[in-house]
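Notes follow the structure.
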Amino acid sequence: MASITSLPVRAGAGAAARGGRAAAGGSTTQLLSADALVLGGVTRVFGALRAVDDVSFTVRAGQKYAVLGSNGAGKTTLFNAITGDHLPSAGRILFFGEDITTLPPHERIRKGLRRTYQSSLLFRDLTVRDNLFLAVRGVANGRFSWRRAGRGHPSTRATQDLLERTRLTHIADERVANLAHGQQRQLEIGMALAGAPRLILFDEPAAGLSPAERRELVALLRSLPEHMSFVLIEHDLDIALRVVERVTVMHNGRVLKTGTPDEIENDAQVHAIYMGGHA
Ligand SMILES: Nc1ncnc2c1ncn2[C@@H]1O[C@H](COP(=O)(O)OP(=O)(O)OP(=O)(O)O)[C@@H](O)[C@H]1O
Ligand SMILES: [Mg+2]
């Protein structure tokens, strides 16, 4: 499987617009598109409702990012705009410097964008292994085949790798319907990891998890490779603020505040509007 670091990175429109910064920690000889995701004035209306209203922020390559906000703040709608599930009504989305605002979802996936959903989209009658195998095949180039590939096949090896990374090897041959809720959410993350993603959007992966399952989730999120970016929607601040470097808080479709976890935790306005309701 191609390593994400071997993928060509373009100093495209995003980096140029921001002054073509060098990669973090980087030498001046290597100009990279250091921004994984640039949102510029992203807006999505449903009739009279501005569910996402002029949202702008940037996720650096390799950065772990959280989007917080109370119910109905527009977080999932923003994810839908980024993935192309619902096109934005206005604004611009750059992915590693490339304008993807109107690309269909499968082309964004090909470029290394992944997501998990707020409600599970697993194949419940298939095994854990087969779900991961389908995810691997789904993002692989070439023709799809239902036939199980042999042991040495790259897809089989990639499936085994995902089983190990998500610590699901011991239940690889279990039907998904028999899994605990936390294991299902771990499997969803495993499926999003198929095929060298560059940025993953996680929509409330901790919802409904027990404290022990939450610890597993935090460990899994922390174990993701340094070069991989993610954006996490999470109501549990203990999780969100522990695993990310930067946070945007949304309120009524708009950006209320963007900052470091410390800045967000200590911001009076954020406290009043958001955290107050989640004490
Ligand atoms: N397809 C749709 N048609 C009409 N309105 C929608 C649609 N999707 C979302 N909305 C509305 O947009 C607003 C934002 O919804 P969204 O699901 O993005 O919020 P959220 O921040 O993800 O909330 P939650 O924390 O509850 O998941 C809500 O008022 C919701 O009712
Ligand atoms: Mg949501």
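Every number here is computed from the coordinates shown, using simple stated rules; none is lab data. Bear in mind that the values here come from a model prediction, so they are computed numbers and not experimental data. Note: ideal-geometry Cβ built from the backbone for every residue, glycine included; neighbour counts use all protein chains shown.
Condition first: polar (S, T, N, Q), buried (at least 19 other Cβ atoms within 10 Å of the Cβ) and closer than 22 Å to residue 207 by Cβ. Now tell me which residues in region 155-182 satisfy that.
If we filter region 155-182 for residues that are polar (S, T, N, Q), which is where we start, we get 155-156, 159-160, 166, 169, 178.
Okay, now just the ones that are also buried (at least 19 other Cβ atoms within 10 Å of the Cβ), so 155, 159, 166.
Residue satisfying the conditions is 166 alone.
Every residue in region 115-135 that is within 17 Å of residue 200 (Cα to Cα), out of contact with any Leu (no Cβ under 7 Å at 6 or more places or on another chain) and either surrounded by 19 or more Cβ atoms within 10 Å (Cβ to Cβ) or not small (Gly, Ala, Ser) (or both), please. Those that are within 17 Å of residue 200 (Cα to Cα), out of contact with any Leu (no Cβ under 7 Å at 6 or more places or on another chain) and either surrounded by 19 or more Cβ atoms within 10 Å (Cβ to Cβ) or not small (Gly, Ala, Ser) (or both): 116, 117, 118, 121, 135. For region 188-214, filtering for residues that are surrounded by 13 or more Cβ atoms within 10 Å (Cβ to Cβ) and more than 28 Å from residue 58 (Cα to Cα) leaves 2. Pairing each residue of region 60-84 that is closer than 17 Å to residue 205 by Cα with any residue that is of a type in the set (Val, Ile, Thr) and assigned to a helix (DSSP H, G or I), provided the two are 6+ apart or on different chains, yields C-beta distances under 7 Å for 64/243. Summed over region 74-124, residues that are charged (D, E, K, R), touching a strand residue (DSSP E or B) at 6+ places or on another chain (Cβ under 8 Å), away from ligand 1 (no atom under 16 Å from the Cβ) and closer than 20 Å to residue 40 by Cβ total 4.
Here is the figure for region 56-83: residues that are more than 9 Å from ligand 2 (Cβ to nearest atom), over 20 Å from residue 197 (Cα atoms) and surrounded by fewer than 22 Cβ atoms within 10 Å (Cβ to Cβ) total 3.
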